[in-house]
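Written out below as structure tokens is the structure these notes cover.
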Amino acid sequence: MHQDNRSYQKSFILDMDGVVYTGSKLISGAKEFVNKLQQGSFNFLFLTNNSYYTPLELRGRLLNMGIDVPEDCFYTSAMATATFLKEQRPNGCSAYVIGGKGIIDEFQKADIEITTEKPDYVVIGETEEYDYAKIIEATLLIQEGAKFIGTNQDLTGPSLRGPVPACGALVAPIEKATGVTPYFLGKPNPVMMFLARKKLGVHSASCFMIGDRMDTDILGGLESGMTTCLVLSGVTTLEIMIQFPYQPDYVFNNLGELDPETILSRRNRVER
């Protein structure tokens, strides 16, 4: 059987906050690592659970920090959610959405109707427009039969002043009121990891997942069959890492210690 060599080309999926930057500051070695990826013609993708921002906005954020990559190099939980619903309902579907521009834009691109009239789904993502009236509407629609979707299960997200409520916190009152647990599309869900690799056109055996969180980045990479790399430049310390029943394949202080040319995938390490 013919094997597509491109699918086994070494590729990299990177989390953003805590890996590339913290707040508005680049993490040491991040720019140099991205330069190596570009100069070496490696496939790579920035993967974020935050559904609020569009890929264009994320590109602009990195550009302001001195990293210039195409808009197509970003994949968000909003994109994964839209793709998932499109694949689940190829003949079309509708959704009541509590979320920001990122999720609204992706639903419009996917021709998913946004409505309050008997929607197929209630979808919650990060937003600054969240109030009691919307919570009530979402609760009633779910009780009337709409399926419950969350873009990601993160309880908090970063801001310049400290942690703020993220999707996992926003769904909580609706989940409590309805007794219905939402299905989350973001990391560590292997669906999002699969869709990210599909976008790159690569195989899990040659793909590296780089992140700073054990419960999303490393777990998602592990369950998807990717080689996992934990960087200690974000929320996880070595003391926290060793408490988990699963461990990453590699541990680095930051991206600057990772050489894309020489690092071996789990597949190649096993074969040696």
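The values are calculated or read from the model by the stated rules, or taken from the named source; none is laboratory data. Nothing here was measured: the structure is a model prediction, and the numbers come from that model. Note that each Cβ is placed from the backbone with ideal geometry, even for glycine, and that neighbours are counted across all protein chains shown.
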Query - Answer residue from segment 117-152, given it is among the hydroxyl-bearing types (Ser, Thr, Tyr) and assigned to a loop (DSSP other than H, G, I, E, B) and is surrounded by the most Cβ atoms within 10 Å (Cβ to Cβ) among those - result: 151
Query raised in the report: Which residue, of 241, 226, is surrounded by 22 or more Cβ atoms within 10 Å (Cβ to Cβ), on the phi < 0 side of the Ramachandran plot and touching a helix residue (DSSP H, G or I) at 6+ places or on another chain (Cβ under 8 Å)?
Result: 226
Query raised in the report: What is the number of the single condition among (1) basic (Lys, Arg); (2) touching a strand residue (DSSP E or B) at 6+ places or on another chain (Cβ under 7 Å); (3) outside the structural domain of residue 99 (by TED's automatic domain parsing) that residue 147 does not meet?
Result: (3)
Query - Set 12, 44: member being assigned to a strand (DSSP E or B) and in contact with a Pro (Cβ under 8 Å, 6 or more places away or on another chain) - result: 12
**Report entry** Test for residue 117: is it farther than 29 Å from residue 206 by Cα and touching a Cys at 6+ places or on another chain (Cβ under 9 Å)
**Finding:** no
Report task. Look at residue 162 and say whether it is in contact with a Cys (Cβ under 8 Å, 6 or more places away or on another chain), outside any helix (DSSP H, G or I) and not acidic (Asp, Glu). Result -> no
Query raised in the report: Could you say which residue among 34, 19 is part of a loop (DSSP other than H, G, I, E, B) and at pLDDT 95 or above?
Result: 19
Requested in this report: Hand me the list of helices (runs of 4 or more DSSP H) wholly inside segment 49-115 holding 2 or more residues that are in contact with an Asp or Glu (Cβ under 6 Å, 6 or more places away or on another chain) and closer than 16 Å to residue 199 by Cβ.
Outcome: 55-64, 77-88
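What helices (runs of 4 or more DSSP H), lying completely within segment 210-272, carry at least 1 residues that are closer than 21 Å to residue 163 by Cβ and at pLDDT 95 or above? Let's see the steps before the verdict.
Numbers: elements: 219-223, 238-241, 266-271.
In segment 210-272, 219-223, 238-241 are the helices (runs of 4 or more DSSP H) which contain 1 or more residues that are closer than 21 Å to residue 163 by Cβ and at pLDDT 95 or above.
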Query - Qualifying positions in segment 65-102 - closer than 18 Å to residue 14 by Cβ and either hydroxyl-bearing (Ser, Thr, Tyr) or over 18 Å from the mean Cα position of the chain (by Cα) (or both) - result: 65, 66, 67, 68, 75, 76, 77
Query raised in the report: If residue 96 satisfies every condition in (1) farther than 21 Å from residue 191 by Cβ; (2) surrounded by fewer than 18 Cβ atoms within 10 Å (Cβ to Cβ) but one, which is the exception?
Result: (2)
Report summary line: residue 43: passes all of (1) touching a residue at least 40 places away in the same chain (Cβ under 8 Å); (2) over 25 Å from residue 205 (Cα atoms); (3) not aromatic (Phe, Trp, Tyr) but (2)
Report summary line: Within segment 153-171, residues polar (S, T, N, Q) and loosely packed, with under 12 Cβ neighbours inside 10 Å come out as 159
Report task. Could you please find all residues in segment 150-167 being in contact with a strand residue (DSSP E or B) (Cβ under 7 Å, 6 or more places away or on another chain) and either assigned by TED's automatic domain parsing to the domain that holds residue 19 or farther than 19 Å from residue 82 by Cβ (or both)? Result -> 156, 157, 158, 163, 164, 165
Report summary line: In segment 199-235, residues that are within 21 Å of residue 27 (Cα to Cα), in contact (Cβ under 8 Å) with a residue 40 or more places away in the chain and not small (Gly, Ala, Ser) total 9
